[in-house]
1. When you check ARG79 against the structure, is it outside any helix (DSSP H, G or I), of a type outside the set (Ser, Thr, Tyr), modelled with pLDDT of 90 or more and surrounded by fewer than 22 Cβ atoms within 10 Å (Cβ to Cβ), yes or no?
2. State all residues of region 54-72 that are surrounded by 20 or more Cβ atoms within 10 Å (Cβ to Cβ) and within 11 Å of VAL38 (Cβ to Cβ); if no residue qualifies, say none.
3. So if I check each of ASP40, ASP32, which one is in a loop (DSSP other than H, G, I, E, B), free of Cβ contacts under 8 Å to residues at least 40 places away in the same chain and either charged (D, E, K, R) or touching a strand residue (DSSP E or B) at 6+ places or on another chain (Cβ under 9 Å) (or both)?
4. What's the number of the only condition in (1) part of a helix (DSSP H, G or I); (2) at pLDDT 95 or above; (3) in contact with a Gly (Cβ under 9 Å, 6 or more places away or on another chain) that GLY17 fails to meet?
5. Taking the condition in a loop (DSSP other than H, G, I, E, B), touching a Lys or Arg at 6+ places or on another chain (Cβ under 6 Å), buried (at least 18 other Cβ atoms within 10 Å of the Cβ) and of a type outside the set (Ser, Thr, Tyr), does ASP89 pass?
6. Going by the structure shown, is SER151 modelled with pLDDT of 80 or more, among the hydroxyl-bearing types (Ser, Thr, Tyr), in contact with a Pro (Cβ under 9 Å, 6 or more places away or on another chain) and under 27 Å from GLY98 (Cβ atoms)?
7. Those residues that are crowded, with 17+ Cβ neighbours inside 10 Å and either polar (S, T, N, Q) or farther than 23 Å from SER189 by Cβ (or both), I need them from region 1-41; list them, please.
8. Name the residues in region 47-76 that are touching a residue at least 12 places away in the same chain (Cβ under 8 Å), closer than 18 Å to ARG150 by Cβ and under 16 Å from the mean Cα position of the chain (by Cα), would you?
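The values are calculated or read from the model by the stated rules, or taken from the named source; none is laboratory data. Given the structure is predicted, the values throughout are model-derived calculations rather than measurements. Backbone-built Cβ (ideal geometry, glycine too); neighbour counts: all protein chains shown.
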Amino acid sequence: MSISDLTVIIPAYNRRGFVAGIIECVSNQGMDGIEIIVVDDGSTDGTAACAGEFPGVRVLSKSNGGPASARNFGLEHARGEYIAFIDSDDLWADGALGRLVDTLRKDDQADLAMGMPKVMARRGPEHPFELSTSPLAQFPYSISGTVFRRSVFSRVGTFDPDLWFGEDVDWFHRAQNQGIRVVRLDFDSVIFRRHEGNLTNGKGLVELNVLRVFKKSLDRKRSM
């Protein structure tokens, strides 16, 4: 696999304690020539400097604009035919990237491939991460742990930067309207780590844009 084949984009905001782990996770996927881009979204804790210690990792810095804005910024600079996003506090399961890329290579009608989510949670910084429950109920569709064919963004568009939360649901709603073909594989591909520093921690339905995303989807259907 050449460097032009797969780009992994890691948006990060004040994730110095996590970013090294996800870079190492990507590097240990058993694939050569992955382009790794860390988008430092206005961090103040040295996240960019930590990421920059890894040879070959491209660190792009921007002012703080939220996860969707950071992913879009990384996508603008990506060289890969296939694109994968992973949040800086999440992890891929061993070999997951290779399986998802192979799926797209073998099925040219598939626009994106995703596996199953696993959720780990901890009670505080001094506690270990432990297996949680009902991952599909929490993450029926997820940006992290999915490999996208780059061309899908020409059809669906990028992530809505006005949505700091719920941008994943909004994007998949739009993808569904465009008839995007999703292939879900029956294996654990991504490990979501729930912790006290998650952006969604303690947020209610209004703050998480649940109703706003639903309304946007309804308005699109009415205009069709």
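1. On the way: outside any helix (DSSP H, G or I): yes; of a type outside the set (Ser, Thr, Tyr): yes; modelled with pLDDT of 90 or more: yes; surrounded by fewer than 22 Cβ atoms within 10 Å (Cβ to Cβ): yes.
Yes, satisfied.
2. The initial filter retains those residues of region 54-72 that are surrounded by 20 or more Cβ atoms within 10 Å (Cβ to Cβ), namely 59, 66-72.
Result: VAL59, ALA70.
3. Values: ASP40 fails: in a loop (DSSP other than H, G, I, E, B).
Matching residue, one of ASP40, ASP32: ASP32.
4. Every condition holds for GLY17 apart from (2).
5. Details: in a loop (DSSP other than H, G, I, E, B): yes; touching a Lys or Arg at 6+ places or on another chain (Cβ under 6 Å): yes; buried (at least 18 other Cβ atoms within 10 Å of the Cβ): yes; of a type outside the set (Ser, Thr, Tyr): yes.
So ASP89 passes the test.
6. Details: modelled with pLDDT of 80 or more: yes; among the hydroxyl-bearing types (Ser, Thr, Tyr): yes; in contact with a Pro (Cβ under 9 Å, 6 or more places away or on another chain): no; under 27 Å from GLY98 (Cβ atoms): yes.
No; evaluated as a whole, the condition is false for this residue.
7. Applying the first criterion (crowded, with 17+ Cβ neighbours inside 10 Å) to region 1-41 yields 5-16, 18-19, 22-23, 25-26, 29, 34-41.
Result: THR7, TYR13, ASN14, ARG16, GLN29, ASP40, ASP41.
8. Scanning region 47-76 gives ALA68, ALA70, ARG71, ASN72, PHE73, GLY74, LEU75.
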